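Here the structure comes first, spelled out in structure tokens, and everything after it is commentary.
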């Protein structure tokens with residue numbers, strides 16, 4: 001527990017304040033403090049803050065609180081000079097020259113945190129007025145803001161200075177009431193007191209909560225204060241006497257090295273317990289409390305028996321969380337007893353290991369107090385625990401630079417916190433880009449993302465974001481993501497979630513194309529057989545599919561042959577010999593059907609064939625067959641390099657092949673375009689393909705250093721159509737080369 005000096009009003013003598021500020025510092029540091037006081041008084045003069053508190057009064061009160069926390073000289077000097085950059089041009093540079101880089105960094109950190117205050121104030125107001133429906137989302141946003149506050153600073157002392165500043169502001173409002181104190185109090189309970197709690201600065205947490213509660217609910221505060229019919233000093237005296245008595249009893253019983261400490265329950269905590277348990281003040285048994293920390297588990301139960309021997313236990317107010325730990329593995333003995341003065345006293349008993357776990361592990365004290373649940377995956381919680389350790393270590397670390405080095409190990413370097421144009425905070429892993437940000441806000445925004453502004457300036461979509469930036473996404477009315485985004489070398493996507501969303505979009509597009517292809521096959525057959533009015537659902541049922549879409553996909557992927565479709569339309573059964581032929585006719589690609597492509601294998605009839613994907617032959621390309629193992633004949637172009645390699649290894653498996661007289665339909669070909677990159681290039685290429693009624697089944701584009709390379713897999717009816725299309729593509733402005741792959 002830390003000791004905090006009380007308000008500035010009690011420090012009427014400046015020299016006495018300087019003596020308090022200088023406690024524990026070397027002579028050189030004391031000289032720096034006096035120099036800082038002189039500069040602060042000269043710069044601040046009669047200036048006032050937005051709270052109407054004098055800047056000098058605030059700075060001095062803040063420095064006294066920091067001294068009470070026993071922070072080092074740099075922190076105390078920074079507290080005195082916190083507002084210098086606001087009124088002095090190049091103030092941070094001046095501070096670095098006169099007081100060192102440590103002070104300058106702390107003051108600059110305070111300035112950056114102050115820029116977050118309007119956002120924090122807005123979220124606090126939103127939390128107070130939000131409906132139950134939006135309460136959870138608002139609470140989550142405030143939680144992210146707390147993390148953003150810690151992530152923004154490079155030194156944990158900046159957070160402590162900010163807490164000291166807020167404490168001083170509330171003290172000022174206690175002395176001089178102002179309308180501003182209500183929103184400030186609300187912001188304090190939402191943001192600052194939980195931070196003080198998490199960082200283990202219990203005294204500041206206690207004062208922040210009590211003062212904020214007093215401003216927000218003055219009548220309830222006064223009512224609870226009336227129930228506390230003894231002064232705070234008298235209650236603390238009682239705790240001190242109870243502590244001394246219990247220590248002596250434990251020593252007499254042989255329980256050595258026991259640590260006994262206590263603190264009266266403060267008013268805000270009492271109200272929270274009354275509200276949570278729906279009880280009145282008389283049923284709150286931990287207004288006064290002791291904590292006993294011992295070496296072993298057996299000492300816990302020995303201590304419990306001694307406590308019940310000294311004071312009379314209260315029925316139904318004993319909990320054994322050692323034998324029956326809480327769900328988060330919190331372990332301790334809790335009991336409440338009646339004291340001779342008729343008032344209650346709560347006692348918690350635990351071992352040092354249990355205490356360490358409760359303070360720093362998954363059952364951290366702040367999780368229990370704030371009603372949250374710890375998550376093993378939440379590394380943020382681990383870092384909070386480490387930061388709380390650092391606050392304890394500061395008394396043991398002689399060199400402040402060593403303390404800073406330890407802090408940097410616990411820095412929040414895995415997450416960045418950026419803002420939407422509306423001020424909402426979005427947390428992303430470090431390395432995230434504007435595209436990741438867009439998908440984090442909404443999937444549709446990610447799909448339609450075409451540009452981004454960071455702090456008002458246009459940036460490339462693969463720019464890595466930093467904490468505190470305001471990001472705005474430029475959207476297209478329609479469209480989807482680019483395939484370039486999936487190229488890891490280009491750095492458009494960092495998060496796994498974004499990559500999954502992009503892949504899902506392209507998968508959905510491919511699914512739609514497959515459905516359209518299958519639907520067209522069914523439509524053509526219905527028209528050819530004169531059965532346009534036939535029910536598609538009945539047709540799907542006849543072929544064993546639950547719905548029409550499943551039939552369309554099966555047809556497009558050649559899992560159902562045209563012969564099976566025709567038989568189903570006629571309502572008859574397929575002959576056994578035709579079923580055998582159908583089994584041979586099933587292909588991985590629909591262009592592998594012998595009858596459809598009109599491929600003749602010399603000397604062989606009804607042999608399973610498939611067009612090779614490596615060279616994609618199209619009539620009247622010279623072709624040749626290669627007998628595969630288990631997949632029939634693979635048909636290649638004569639000049640295919642893959643075929644040359646296979647023929648050299650297995651010449652006995654080469655078979656003469658030619659196009660039949662009915663070699664019609666569509667064939668897949670690969671087209672490669674080399675061009676100078678420009679705006680609208682892809683659109684112009686697409687226009688040519690559309691005019692030629694070329695159906696694209698795959699697209700891959702890459703742009704780098706002003707050069708564009710486009711790869712298309714297109715369906716053409718003949719070589720003549722392909723050659724005409726290549727010639728037209730070559731005429732597109734900027735195109736350097738067009739060729740069939």
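Could you grab me the full set of residues in the stretch 43-70 that are over 16 Å from residue 107 (Cβ atoms) and not in a loop (DSSP other than H, G, I, E, B)?
Those that are over 16 Å from residue 107 (Cβ atoms) and not in a loop (DSSP other than H, G, I, E, B): 48, 54, 57, 61, 64, 65, 67, 68.
Matching residues to (1) out of contact with any strand residue (DSSP E or B) (no Cβ under 8 Å at 6 or more places or on another chain); (2) part of a helix (DSSP H, G or I):
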site: 444; (1), (2): yes, yes
site: 450; (1), (2): no, no
site: 464; (1), (2): yes, no
site: 468; (1), (2): no, no
site: 473; (1), (2): no, no
site: 504; (1), (2): yes, yes
site: 510; (1), (2): yes, yes
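Of the residues that sit in the stretch 309-342 and are part of a loop (DSSP other than H, G, I, E, B) and farther than 13 Å from residue 354 by Cβ, which one is modelled with the highest pLDDT? Full working, then the answer.
Start the filter on the stretch 309-342 by keeping residues that are part of a loop (DSSP other than H, G, I, E, B), which leaves 311, 321-332, 339-342.
Still in the list and also farther than 13 Å from residue 354 by Cβ: 311, 324, 327, 339-342.
Details: 311: 93, 324: 89, 327: 65, 339: 87, 340: 85, 341: 80, 342: 79.
In this case the residue turns out to be 311.
Condition first: surrounded by fewer than 18 Cβ atoms within 10 Å (Cβ to Cβ), in contact (Cβ under 8 Å) with a residue 24 or more places away in the chain and under 23 Å from the mean Cα position of the chain (by Cα). Now tell me which residues in the stretch 473-491 satisfy that.
Within the stretch 473-491, 474, 475, 487, 490, 491 meet the criteria.
Out of (1) surrounded by 15 or more Cβ atoms within 10 Å (Cβ to Cβ); (2) outside any strand (DSSP E or B); (3) modelled with pLDDT of 80 or more, what's the single condition that is false for residue 636?
It fails just one condition, (2).
With the requirement that a residue be part of a loop (DSSP other than H, G, I, E, B), surrounded by fewer than 19 Cβ atoms within 10 Å (Cβ to Cβ) and at negative phi, what does the stretch 419-442 give you? Outline the logic, then answer.
In the first step, residues of the stretch 419-442 are kept if they are part of a loop (DSSP other than H, G, I, E, B); the result is 420-424, 430-433, 442.
Filter again for surrounded by fewer than 19 Cβ atoms within 10 Å (Cβ to Cβ), leaving 420-424, 430-431, 442.
Those that are part of a loop (DSSP other than H, G, I, E, B), surrounded by fewer than 19 Cβ atoms within 10 Å (Cβ to Cβ) and at negative phi: 420, 421, 422, 424, 430, 442.
If I ask for residues that are modelled with pLDDT of 80 or more and farther than 20 Å from residue 174 by Cβ, which ones from the stretch 198-240 would you list?
Residues satisfying the conditions are 237, 238, 239, 240.
Quick one: which of 182, 158 is at pLDDT 80 or above, surrounded by fewer than 23 Cβ atoms within 10 Å (Cβ to Cβ) and in a helix (DSSP H, G or I)?
Working: 158 fails: surrounded by fewer than 23 Cβ atoms within 10 Å (Cβ to Cβ).
From the options 182, 158, the qualifying one is 182.
Quick one: residue 644 ticks every box in (1) at pLDDT 85 or above; (2) buried (at least 19 other Cβ atoms within 10 Å of the Cβ) except a single one, so which number is it?
For residue 644, the failing item is (2).
If we scan the stretch 499-520, do we find a residue that is in contact with a helix residue (DSSP H, G or I) (Cβ under 9 Å, 6 or more places away or on another chain), closer than 17 Å to residue 420 by Cβ and at pLDDT 85 or above?
Checking the stretch 499-520: not a single residue is in contact with a helix residue (DSSP H, G or I) (Cβ under 9 Å, 6 or more places away or on another chain), closer than 17 Å to residue 420 by Cβ and at pLDDT 85 or above.
Output the residues belonging to the stretch 687-715 that are over 36 Å from the mean Cα position of the chain (by Cα) and not in a strand (DSSP E or B).
687, 688, 689, 690, 691, 692, 693, 694
Filter the stretch 30-52 for residues that are over 16 Å from residue 84 (Cα atoms) and at pLDDT 90 or above and give the result.
The first filter runs over the stretch 30-52 and keeps only residues over 16 Å from residue 84 (Cα atoms), leaving 30-31, 51-52.
Across the stretch 30-52, the qualifying residues are 30, 31.
Looking at this structure, is residue 221 assigned to a helix (DSSP H, G or I), without any contact (Cβ under 8 Å) to a residue 60 or more places away in the chain, out of contact with any strand residue (DSSP E or B) (no Cβ under 6 Å at 6 or more places or on another chain) and outside the structural domain of residue 59 (by TED's automatic domain parsing)? Full working, then the answer.
On the way: assigned to a helix (DSSP H, G or I): yes; without any contact (Cβ under 8 Å) to a residue 60 or more places away in the chain: yes; out of contact with any strand residue (DSSP E or B) (no Cβ under 6 Å at 6 or more places or on another chain): yes; outside the structural domain of residue 59 (by TED's automatic domain parsing): yes.
It is true that residue 221 is assigned to a helix (DSSP H, G or I), without any contact (Cβ under 8 Å) to a residue 60 or more places away in the chain, out of contact with any strand residue (DSSP E or B) (no Cβ under 6 Å at 6 or more places or on another chain) and outside the structural domain of residue 59 (by TED's automatic domain parsing).
If you scan the stretch 331-357, which residues turn out to be surrounded by 15 or more Cβ atoms within 10 Å (Cβ to Cβ) and farther than 18 Å from residue 290 by Cβ?
Result: 357, single match.
For the stretch 704-724, which positions are over 23 Å from residue 510 (Cβ atoms) and in contact with a helix residue (DSSP H, G or I) (Cβ under 7 Å, 6 or more places away or on another chain)? Lay out the reasoning, then the answer.
Applying the first criterion (over 23 Å from residue 510 (Cβ atoms)) to the stretch 704-724 yields 704-708, 718-724.
Answer for the stretch 704-724, where residues must be over 23 Å from residue 510 (Cβ atoms) and in contact with a helix residue (DSSP H, G or I) (Cβ under 7 Å, 6 or more places away or on another chain): just 708.
The values are calculated or read from the model by the stated rules, or taken from the named source; none is laboratory data. Keep in mind that what you see is a predicted model, and the values were worked out from it rather than measured. Every residue, glycine among them, receives a Cβ derived from its backbone with ideal geometry; neighbour counts consider all protein chains shown.
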